[in-house]
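The values are calculated or read from the model by the stated rules, or taken from the named source; none is laboratory data. Model, not experiment: these values are computed from the prediction. Note that each Cβ is placed from the backbone with ideal geometry, even for glycine, and that neighbours are counted across all protein chains shown.
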Amino acid sequence: MSVSTVTKTENGFRPTGASGGPLLEVDRLSKFFPVGGGQTLKAVNDLSLTVAKGETLGVVGESGCGKSTAGRTIMRLYEPTAGETRFEGRNIYKLKGAELKKLRREMAMIFQDPYASLNPRFNITDIIAEPLDIHGIAGSSKERKRKVEELLELVGLRPEHANRYPHEFSGGQRQRIGIARALAVRPKFIVCDEPISALDVSIQAQVVNLLQELQKSLGLTYLFIAHDLSMVKHISDRVAVMYLGKMVELAESSELYANPKHPYTQALLSAIPIPDPQIEAQKERIVLSGDLPSPINPPSGCPFRTRCPHATEKCAAEAPEFREVKDGHWAACHYA
Amino acid sequence: MEPILRVNDLHVSFRARGGEVQAVRGVNFEVKKGEAIAIVGESGSGKSVTAQSIMRLLPSPPSFVKQGTIEFMGRNLLELSEQEMESVRGKDIGMIFQDPMTSLNPTMTIGHQITEGLIKHQGMDRKAARERALELLRLVGIPNPDTRFGQYPHNFSGGMRQRAMIAIALSCNPALLIADEPTTALDVTIQAQILRLMKDLQERFGTSIILITHDLGVVADMCDRVIVMYGGQVVETGSKWDIFRHPQHPYTRGLLRSMPRLDQPKGEPLIPIHGTPPDLLVPPQGCAFCARCEEAMEVCVDHDPELAPVGGEGQTAKCWLHHPFAKEVQA
Ligand SMILES: Nc1ncnc2c1ncn2[C@@H]1O[C@H](COP(=O)(O)OP(=O)(O)OP(=O)(O)O)[C@@H](O)[C@H]1O
Ligand SMILES: Nc1ncnc2c1ncn2[C@@H]1O[C@H](COP(=O)(O)OP(=O)(O)OP(=O)(O)O)[C@@H](O)[C@H]1O
Ligand code: SF4
Ligand code: SF4
Ligand SMILES: [Mg+2]
Ligand SMILES: [Mg+2]
């Protein structure tokens, strides 16, 4: 099934990847959690984006801004409160039975928390082979073993690790196991939720190179959630910045880093620690103050206004529209 | 200045299915009062095991300390009773873990977990403890502390769990704060806030800090001295200036090279260190980095070099390249 590159929505045109048609279209997606006392927590609030085939879309943003929830809802690990996610044109929340099972092979996720995501009672072979077993594609026990060993090698672990258990590994090693597991079913689209935060820098480089090589050879598409802005810049074609469940800025990555339009992005970029003591000693940071807003009762108007150094009355009264401020560069600020 | 912590020749192993995993193999370092040191190094190199040995948090079995002492304010922590140790953990040393879920109790509210220590170790009553807990939650940047107080860890995002744990560690105003990747799960604006909080603590109360991190940018910002670990051993130490400007160990150099830089042109692949870290079930006989080192020599295969003074003041490296003979060969 083919889909047009630009899709009309009530909002006008949604930003879309530069090359190729979108593999994934997220359309006004919301995910709210009930938190007791009749309150709801708006973890993801009216989020729209597209990811082109073969593209890497980086997602950055404050802790708790809804990145993981967005990733999980896009994977349908959570059912959405509102909105759609279309994968190759199909609304994934409507899929059932065999179609849903097929989708589960086409999308994979690498989790943020390498501890919680590995079953402590399984050995490494069983953990990595589990998706193969579920989908009935493991083959003979000899093939299964060979596939697992290949995957281990791919992610920089040793074949003799195959019979050990998760608790015998360091944080970084466990994350590599998670990556091997995600790659097992040869998915088309991978949500990488901070896949390298727990890894050693020298290994991060291996894994990122690996993810990029796999992307080229297998035509993979990534949604890459991370905190390390230098790494996000390195790996992403475009970068989305989220704040309090909403998208506040989206642009081609070098453009975003050179010309951040949203005050939050500006603060974020100024806070990146640079691995050079001289630069660190002299650096001027935009230090944010003001109350951290809560997704339970978000501020009126612009969600960033409680910490924004440029906030005005208009910001409290009116929510800024997410608009294209420059070719392919989108921002949600009245003054961008 | 007198060190408040001195780790001497520490060896820690795990009994595992395949034999003995020698996670920490002869680690030496000290921390002075008011000093912030960074421990960086390969994933699996024994940073967390070192930190958890200081806190005596490793379950035994399967772990056991084979050798060494850990002197903290004049006492060998390895010889304290569990009860004495609990008081050290509640009052003198605070720890922030790499993985918040292993240290937060999933069945207890966040508020309960913060107030518990305040009541037990600081003798506060319930009401004062609650006030202090709310203040701490606010301090670490958790919005709506009143609501969050009564919630469970699974209601928090990864970064918020981390901040809750930081609040617990700071609650006792510890003399030594061990932070094991305290900001890995946080975005940089909050990271900047938390690092500032730690620095503040260091300046105001003379708190010593051991910061374990993968982020060399954070090291450049926060720390005075750096300890580099590889394969369960310390392979280089020095002031942050020497480590960043004149790294002397091939692993340290590789580490610095493999980082992406904001000013790096797009499309250039990163420069990783190839290969994998050694298997600590059968640690190499010679230099632990040998299998991955581009400068390896024959001697490196079978002979383990000593950590010896090199270059800058107080800088040490564990590498044969600094042996006078190696220089002669190269020259
Ligand atoms: N199962 C849940 N129940 C209730 N609230 C939740 C649940 N999962 C997440 N939240 C809340 O949703 C918001 C977004 O959380 P999420 O984990 O998506 O953030 P994040 O951007 O991934 O943060 P981090 O960078 O810290 O991982 C947070 O306020 C969090 O407390
Ligand atoms: N319970 C255990 N049983 C067996 N081996 C273990 C156990 N815990 C840790 N290890 C091993 O000890 C070594 C050191 O682990 P440690 O967690 O200290 O690494 P680390 O330097 O903190 O790594 P990371 O940067 O990935 O957190 C690793 O090789 C790990 O596999
Ligand atoms: S809309 Fe106002 S408060 Fe929001 S980012 Fe722009 S200037 Fe700041
Ligand atoms: S001792 Fe040899 S193998 Fe080890 S780091 Fe030095 S040169 Fe490389
Ligand atoms: Mg997350
Ligand atoms: Mg660790």
Practice item. May I ask you to verify whether B:SER258 is more than 9 Å from chain A (Cβ to nearest Cβ), polar (S, T, N, Q) and at negative phi? Key: no
Exercise for review: Only residues that are farther than 27 Å from A:PHE33 by Cβ and in contact with a helix residue (DSSP H, G or I) (Cβ under 7 Å, 6 or more places away or on another chain): list them for segment A:296-317, please.
Suggested key: A:PRO309, A:HIS310
Revision key, fill the gap. Of the residues in segment A:144-180 that are of a type in the set (A, V, I, L, M, F, W, C) and part of a helix (DSSP H, G or I), the one that is farthest from ligand 3 (Cβ to nearest atom) is A:ALA162
Check your understanding: Mind checking which residues of segment B:261-290 are β-branched (Val, Ile, Thr) and at the interface with chain A (Cβ under 9 Å from one of its Cβ atoms)?
Key -> B:ILE271, B:ILE273, B:THR276
Point to revise | Neighbours by Cβ (under 8 Å, 6+ apart or cross-chain): first from segment B:274-290, farther than 11 Å from A:ARG158 by Cβ; second of a type in the set (Phe, Trp, Tyr) and away from ligand 5 (no atom under 16 Å from the Cβ) | key: B:CYS287/B:TRP320; B:ALA288/B:TYR230; B:PHE289/B:TYR230; B:PHE289/B:TYR251
Study note, to complete from the structure: Restricted to segment A:251-283 and to residues being part of a loop (DSSP other than H, G, I, E, B) and among the hydrophobic types (A, V, I, L, M, F, W, C), the residue nearest to B:PRO247 (Cα to Cα) is A:ILE274
Study note, to complete from the structure: Flagged in segment B:1-46 as of a type in the set (Ser, Thr, Tyr) and either crowded, with 23+ Cβ neighbours inside 10 Å or touching a helix residue (DSSP H, G or I) at 6+ places or on another chain (Cβ under 7 Å) (or both), in numbering order, are B:SER43, B:SER45
Practice item. Residues being near ligand 3 (Cβ under 10 Å from one of its atoms) and within 18 Å of A:VAL239 (Cα to Cα): count how many of those fall in segment A:286-336. Key: 4
Review point. Any idea which residue in segment A:25-67 is farthest from A:TYR257 (Cα to Cα), counting only those that are within 12 Å of ligand 5 (Cβ to nearest atom) and in contact with a helix residue (DSSP H, G or I) (Cβ under 7 Å, 6 or more places away or on another chain)?
Key: A:ALA43
Practice item. Identify, from the list A:GLN278, A:GLN282, A:GLN266, the residue that is more than 16 Å from ligand 1 (Cβ to nearest atom), under 24 Å from the mean Cα position of the chain (by Cα), within 12 Å of chain B (Cβ to nearest Cβ) and without any contact (Cβ under 8 Å) to a residue 60 or more places away in the chain. Key: A:GLN266
Review point. If only one of B:ASP180, B:ASP215 is in contact with a Phe, Trp or Tyr (Cβ under 7 Å, 6 or more places away or on another chain), of a type outside the set (A, V, I, L, M), modelled with pLDDT under 95 and within 16 Å of ligand 6 (Cβ to nearest atom), which one is it?
Key: B:ASP180
Exercise for review: Need at least 1 residues that are modelled with pLDDT of 90 or more and more than 28 Å from B:GLU135 (Cα to Cα) per element, so show me which helices (runs of 4 or more DSSP H) inside segment B:27-121 make the cut, counting only ones lying wholly within it.
Suggested key: B:47-54, B:82-87
